[in-house]
Amino acid sequence: MDPLLRPGHNAPHLPAAMGPGYADVFDRLSRQGGRVETTGTNALPTFDAHAGAKQASFQPYQNNGGSVVAVAGKDFCVVASDTRFGLGFAVPTRMISRNLVLNDKVVLATAGMQADTCTLHKVLRIRLDMYRQNHGKDMSLGAVSQLLSNTLYYKRFFPYYTFNVLGGVDENGEGFCYGYDAIGSHEKVKVVCTGSSQSLIQPVLDNQVDGKQMYDGQPVAELSLEQTVELVKDCFSSAGERDIYTVGLDGRGQPPLYVKILKLAFVLTSHPLRSKYTRSHFIQGQSPAVRDSQTTTDTYFT
């Protein structure tokens, strides 16, 4: 064989990858009479076929689990998320919030990578503040939905590893939800779930809220705000029994949730450390001063 045709032979034009260690394989095989030595100075380079190829790589993403849900009604919208921060089989904390109140009519909930979640929330908060200063009013639900879609699509080549649901009430006081993928594709719906328990929770909500896959084909009754909250709590409690990345029951047998409820002109928020909520908070005609103030009222769920 022509020496120049031998892989790795002393030829300056051959790449460095064919250099020492592999360059004189043919020469050493010919000197050994075709026998392969695995030890000593004449040992040939070996490759462990069972170990497979090894490659150093940079992994910029991690999934910190969690599930988020949005359910819209005639004049309200409930946005809920669990509070568990997962890292593989570890749970660094059980008390994080995946919800962001964007204004008095819109709430965002995000599952996925917590670092990207914080970054996305910060970007949206800044852009909504700029809109408020420039126009003297808050963004509507439809405007926020398009802003979120544009923000995610702008990062499509190195996307935020987040999966979002957006919920709120529109200009007519009717509740709606939007579900998003990581690069901004979205759909306007009445009920949506995403996150690690999506496959467990979404079918239940489709059946109980939208009336899909009903056995007898009868339409379901429209749920009240209080019934919707109880349904969401039951969904998270059930999903926590099957999904280690979604919080289940606490020591009191209750699902620790972080719930945002939007109803007409005011926002009701929740906190996972309290155990009660007052039914009067759900009554639309409770007090004109409270109903029209567009302030935030705290209610608590566990």
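What to note about this one:
- Residue match in region 226-233 (condition: touching a residue at least 60 places away in the same chain (Cβ under 8 Å), more than 17 Å from Lys190 (Cα to Cα) and in the same structural domain as Thr83 (by TED's automatic domain parsing)): yes
- Flag for Leu128 being assigned by TED's automatic domain parsing to the domain that holds Val247, in a strand (DSSP E or B) and touching a residue at least 24 places away in the same chain (Cβ under 8 Å): no
- Asn99 being crowded, with 18+ Cβ neighbours inside 10 Å and out of contact with any strand residue (DSSP E or B) (no Cβ under 6 Å at 6 or more places or on another chain): no
- Complete set of residues in region 199-209 that are open to solvent by 70 Å² or more (accessible area, probe 1.4 Å) and of a type in the set (Asp, Glu): none
- Count of region 93-111 residues which are farther than 21 Å from Gly168 by Cα and in a strand (DSSP E or B): 1
- Residue check for Ser140: assigned by TED's automatic domain parsing to the domain that holds Arg242, in contact with a strand residue (DSSP E or B) (Cβ under 9 Å, 6 or more places away or on another chain) and crowded, with 24+ Cβ neighbours inside 10 Å: no
- Region 68-120 - residue that is in contact with a helix residue (DSSP H, G or I) (Cβ under 9 Å, 6 or more places away or on another chain) and aromatic (Phe, Trp, Tyr) and, of those, farthest from Glu226 (Cα to Cα): Phe85
- Test: Leu223 is at pLDDT 80 or above, closer than 25 Å to Lys74 by Cα, outside any loop (DSSP other than H, G, I, E, B) and not acidic (Asp, Glu): no
- Leading residue by the ranking (farthest from Asp206 (Cα to Cα)) among those in region 69-92 that are in contact with an Asp or Glu (Cβ under 9 Å, 6 or more places away or on another chain) and outside any strand (DSSP E or B): Asp75
The values are calculated or read from the model by the stated rules, or taken from the named source; none is laboratory data. Everything numeric here is computed off the predicted structure, so don't read it as measured data. In this analysis, Cβ positions are derived from the backbone assuming ideal geometry, glycine residues included, and neighbour counts consider all displayed protein chains. These area figures cover heavy atoms from the full protein model, side chains too; ligands, DNA and RNA do not enter into them. Shrake-Rupley method; radii C 1.70, N 1.55, O 1.52, S 1.80 Å.
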